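Values in this text are rule-based calculations from the coordinates and carry no lab data. Note that the structure is a prediction, hence the values are computed from the model and not measured. Here the Cβ positions follow ideal geometry from the backbone for every residue, glycine too, while neighbour counts run over all protein chains shown.
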Amino acid sequence: MTTKEILRQVVINQRNELNIQKETVRRELLDKILDFFEDERIIILTGIRRCGKSTLLKQLMQNTSGWCYLNFEDERLIDFNAKEFETLNEVLIEAYGQSKIYFFDEIQNVEKFETFVRRLQDEGKKIILTGSNASLLSKEFGTRLTGRYKVFEVYPFSFSEFLLFKNIAVNKDDFYLSEKKINLQNLFGEYLTSGGFPEYLKNQDEDYLKTVYENILYKDIIVRYSIKKEKILKGLVNMLATNASCKFTYNSLKKTLGLGNAITVKEYISYLGNSYLFFEVLKFSHSLRQQLNSPRKIYLVDQAFNKISGLTFTPNKGRNLENLIFIELKRQNKEIYYYSNKNECDFLVKEGNTITKAIQVSYMLDETNREREINGLIDAMNTLKLKGGLIITFEQTEEIEIEDKKIRVIPAYRWIIEGAD
């Protein structure tokens, strides 16, 4: 049980400690979320730990009024339960006055929070929730609030946000000016290595990244799902990190980890997905059975994790670039598959029921890979009846025409700055 006095102490302490700074990097999602404020649905911000969800909340506070706030990830609230929400609401009104907007950080730590949230919504309040685990969108939550919420996935900084962090302004002429272009390439090279975790970019402390990783592993996975085979989980994470941007099967991982069946592997990967640490990509097929039975590809949420000692991440620049492009597509809320037939293509983007884009990623096109990369893209374009395709590189630019097909070769930094289209 959490007494009213403890609740009062927590609410007032958190209110007084709120540091709403105007100089923080304006997140790209901010305007999209603000546009959604007139909608009655609950807003849910979800994403990996330390990617900037709380800062985004503060930016929303900065652009709105009449709100109250509580972060449930506070050790003083460890015994808080759903029966105490009414008392909490009384304390929030004491501290903030009557509020029309409720900001709740990490509310999924409280079982059956959905009932309270729905009551607030029925009273006409605007609700914004954050969580670092996809279990925030539990089956129970979805059942109680069917169609009454909108999810925004938050990721570490994009390259465009990284440039804002560095106070670098870019316009389209910079792509054609040698000095500016070289500077952009150097900055992108730094981003490809450093990643986009805001706090890490400020202090460059690799121990900080290790702490983030360990919190994800222990708080979001081992504790949440009562994992008993910690060594197996850590071995799996290391294998997936080593093979980021590569194909895998549950059975192949099962054999390597020395497990009796693939169920544990499948469950653990789903937990890693719920924590937003890794993402699976399916092979594109019109047959659902073939899609589910084919090898999958695995991607990591941010390239910064390759700096953690004890984890064996690939030093392969091509795979790192492919991983980065995948996350940029996820950031754009795209439905993504890979293509594999006679040849292979890294990404297919699906909108509705139609594949609209075919994208190949190659750090550098040269005589050793040019034919393979182009043939893979052309194969996908022919199969899916696409007139245009894209090859994303580190720095190369080119226009390729093969019969009636047009392929644009573009540097990754430019593709991202232009809107990843």
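With the convex hull constructed from alpha-carbon coordinates only, region 1-101 shows a mean projected area of 7.2 nm² over all directions. Shape summary: region 209-258 maps onto an equivalent ellipsoid whose semi-axes, from the alpha-carbon gyration tensor, are 21, 14, 8 Å in decreasing order. Cα centroid separation, region 81-142 to region 66-80: 10 Å. Taking the Cα centre of region 4-153 as reference, the dipole from Cβ charges on Lys and Arg (+1) and Asp and Glu (-1) amounts to some 280 debye. The Rg/Rh ratio of the chain, with both radii computed over alpha carbons and Rh defined as the Kirkwood radius, is 0.98. Between 0 and 90 degrees, the angle of helix 230-242 with respect to the longest Cα principal axis of the chain falls at about 40 degrees.
Across the options LEU7, TYR96, THR130, the greatest Cα extent toward the positive end of the charge dipole of region 4-153 (unit charges at beta carbon of Lys, Arg, Asp, Glu) belongs to THR130. Taking THR393, THR193, THR87 in turn, the Gaussian network model of the chain (Cα-Cα springs below 10 Å) assigns the largest fluctuation to THR87. Cβ-to-Cβ counts within 10 Å put ASP207, ASP105 in ascending order as ASP207, ASP105, the fewest first. Using a Gaussian network model of the chain in which every pair of alpha carbons under 10 angstrom is joined by a spring, one finds that among PHE165, PHE157, PHE36 the greatest mean-square fluctuation is at PHE36.
Think of each Lys and Arg Cβ as +1 and each Asp and Glu Cβ as -1; about the Cα centre, that makes the dipole of the chain roughly 1120 debye. Working ranking of peptides 72-82, 322-332 by packing, defined as the average number of other Cβ atoms within 10 Å per residue, highest first, is 322-332, 72-82. Charged neighbours of LYS4, selected by a Cβ distance under 14 Å, balance to -3 (K, R count +1; D, E count -1). Which one of GLY318, GLY196, GLY47 has the biggest mean-square fluctuation once the chain is modelled by GNM with Cα springs under 10 Å? Evaluated over the chain, the most mobile residue of the options is GLY318. Since only PHE347, THR249, SER362 are under comparison, the one whose Cα sits farthest along the positive direction of the charge dipole of the chain, derived from C-beta charges on Lys, Arg, Asp and Glu, is THR249.
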